[in-house]
Amino acid sequence: AIMVLEHPEVASVETEESGRRPAGPLIAFCTGSISKLIEADNSDLHNYSFLKLVAPEDFLNVSKYFERMSASSEVMFGEFALLQRPHIIEGDIFVSDQENPRVVVEAVGAAVNDGVAILMRKVRTQAAPKRDKLGNYIRSEIDTESEKDEISLFDLLSTEPETSDAPESWSKNPSLSR
């Protein structure tokens, strides 16, 4: 799924209607494939706060990811969890935090002139983390055995294309050889 978010620096500006500002940058554009990651339609996400999609235990992680992106012109890689069933539309069935599975995604993002572009790929779905008696999240080790054979977005985008076994005809432009 691909999202374009408003620029993080604009995200602190109040909205005219309410006089308040939702936390984090708003979603300016989202591809329809978001519905393959989370239970949401791209049309419902327009002007919705991106941080409301993020699992509460990853707020700080995602905030730091945005800070790194806004301070650099480099492409940034990250991994964080989204809520599988975000509460987007008033009146929809609300799923409590403890009952809401997490969709862990790896993300590739970069700041652009008027916002932030993020490409996300689902890594796994997992249950919500348990909490201790004080309400703090208890992190558990995740079984990454099933992910070993998959190529990550980082590996895919940061390596040179392998063309050693490509047919020779692919490397020659027939229209130039005449």
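The values are calculated or read from the model by the stated rules, or taken from the named source; none is laboratory data. Since the structure is predicted, the reported quantities are computational estimates derived from the model, not experimental observations. Accessible surface areas use protein heavy atoms only, side chains included; no ligands, DNA or RNA. Shrake-Rupley method; radii C 1.70, N 1.55, O 1.52, S 1.80 Å.
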Just to make sure I understand: if all protein chains stay in place, what is the order of PHE66, PHE77, PHE94 by accessible area at 1.4 Å, largest first? PHE94, PHE77, PHE66
Dimensions of segment 82-135 along principal axes (Cα, Å, largest first)? 43, 28, 22
Amide H neighbours of PHE29 under 5 Å, at least 5 residues apart or on other chains, H built in the peptide plane: list them. VAL4
Would you mind telling me the share, in percent, of accessible area of segment 70-122 contributed by carbon and sulfur at probe 1.4 angstrom? 51
Given the Cα-Cα distance of LYS36 and GLU99 and 0.36 nm per residue of separation, how much length would full extension add, in nm? 20.8 nm
May I ask you to compute the full-extension gain from LYS64 to ASN47, defined as 0.36 nm times their residue separation minus their alpha-carbon distance, rounded to one decimal in nm? 4.0 nm
